[in-house]
1. Taking only Cα atoms, what is the 0 to 90° angle, nearest 10, from helix 164-180's long axis to the longest principal axis of the chain?
2. Using only the C-alpha atoms of segment 163-229, find the volume of their convex hull and express it per residue in Å³.
3. ASP251 to ASN136: extension gain in nm, 0.36 nm per residue of separation minus the Cα-Cα distance?
4. Report, to the nearest 10°, how far helix 250-261 tilts away from the longest principal axis of the Cα atoms in the chain, using its own Cα long axis and a range of 0 to 90°.
5. Sum -39500 (n - 2.57) across every DSSP H segment of at least 4 residues in the chain, then divide by the residue count to get the 222 nm mean residue ellipticity, nearest 500.
6. Would you work out if segment 180-279 is rounded, prolate or oblate? Take a ≥ b ≥ c from the square roots of the eigenvalues of the alpha-carbon gyration tensor; rounded if a/c is under 1.5, else prolate when a/b is larger than b/c, oblate otherwise.
7. Using per-residue counts of other Cβ atoms within 10 Å, averaged over each peptide, order 114-125, 93-104, 229-240 from highest down.
8. Remind me, relative contact order of the chain in percent, using alpha carbon pairs under 8 angstrom and six or more residues apart?
Amino acid sequence: MNHPIGVFDSGLGGLTVLKEIYALMPQYDYLYLGDNARAPYGTKDFETVYQYTLEAVKWLFDQGCPLVILACNTASAKALRTIQQKDLSHIGPDKRVLGVIRPTTEVIGDYTDSNHIGILATQGTVDSMSYAIELNKFFPEVHVHQQACPTWVPLVENGLHSTPQADVEIEKCLRLLAEQSPTIDTILLACTHYPLLYDKIRSQLPSHIQLVTQGEIVAGSLEDYFIRHPEMESRISHSGQLKFYTTGDKDTFGQAASRFWGSEVIAMRVEEWKSGIVE
Ligand code: DGL
C-alpha cells in the first residue's frame, strides 16, 4: 500500500498549495482530495465544516495517508483543532493532521513595514478570528484588517475567474479592505482558492502593496516539519506519484485542475464516505 501525503481542500483551491509542496518535495507521493460537491465551505457553519472535514480526513487515513494537510483555511480555522484534540486519538493515534494558518501566521508579520496587514479570506475564516488571534501570538505589534470575499470562491469553482465579472467582484472587496486602513502594505490571500485570481488582484493594487500567497510558505513549513519529525518523513512513500480525487464530477475537476496544473490531471470520484454516500 502507498502512504501518500493527503492534501485536502473544499474544492480546487488546495491545488495552489499542493503545487508548491510538490515543486519543493517531488520525491513524495501525494493524494489530493477536493470536496467540490459540497464547496463552498466558507459560508457554512462551524459544525458543518467540522463534520465534512472530519469525513475527508478519515477517508484520507483509510487510503493510507499517515499525514494530512488541510490546505484550506476555512477547514483549518473551524475543524483542525477539534480533530487534533478530540478525534485523532481514536481515528488515527499514530497519524497527524496539519493546517495552513499556523505556518502562515508564524512568518507573515515579517513581510510588513507599516505593521498593517490585510487578510482576504472566506466569511468563515474571518468570523473565526483565527488570523488575528494567531498573528497576535507571533507579532503582537501587527494590526490585522480582515475582509471577507464571499463571491470569489464560487467564481473559481465555476471557472469564472478570468471573466470581467471577476474584475468587478475583486474591485469591491479590495475597496472595502482599503477603506479599513490606508497604511496596509501587505495583503495575504488567506483562502487557497484566491491565488487563482492572483493576476487580476495584483493588477488592481498599487505597486507598493505586497500580495502574498500561502503555497510557498506552507511548503517550506512542511519541509521543516519533516526535518523535525524524521519518524513521519520515513513513513511517507517516496515514488513521486500524484493522485487526484473529487467528490464532484471527475471530468469537470480534471479539466479545471489540468488548466491550473499545466499538464493533464486525471481525477477520480469518491463514491462513498464510510459514513454514507456523498450527496
Ligand atoms: N479554499 C478554502 C480556504 O482556503 C475554502 C473555500 C470555500 O470552500 O469557501 O478557505
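1. 60 degrees
2. On the way: hull volume 7.1 nm³, N = 67.
Normalising the Cα hull of segment 163-229 by residue number yields 106 Å³.
3. Working: separation 115, 0.36 × 115 = 41.40 nm, distance 4.26 nm.
Contour length minus the Cα-Cα distance gives 37.1 nm.
4. The angle comes out near 60 degrees.
5. Working: 13 runs with 118 residues, N = 279.
Calculated from helices alone, the mean residue ellipticity at 222 nm is -12000 deg cm²/dmol.
6. Details: a/c = 2.18, a/b = 1.37, b/c = 1.60.
It comes out oblate by the Cα gyration axes.
7. Values: 114-125: 23.2, 93-104: 19.0, 229-240: 13.4.
Listed from highest to lowest mean packing, they are 114-125, 93-104, 229-240.
8. Values: 518 pairs, mean separation 74.8, N = 279.
Computed value for the chain: 27 percent relative contact order.
Where a number appears in this text, it was derived from the coordinates with a stated rule and is not lab data. Since this is a predicted model, take the numbers as computed values, not measurements. Neighbour counts are summed over all protein chains in view; Cβ atoms, including those assigned to glycine, are modelled from backbone coordinates with ideal geometry.
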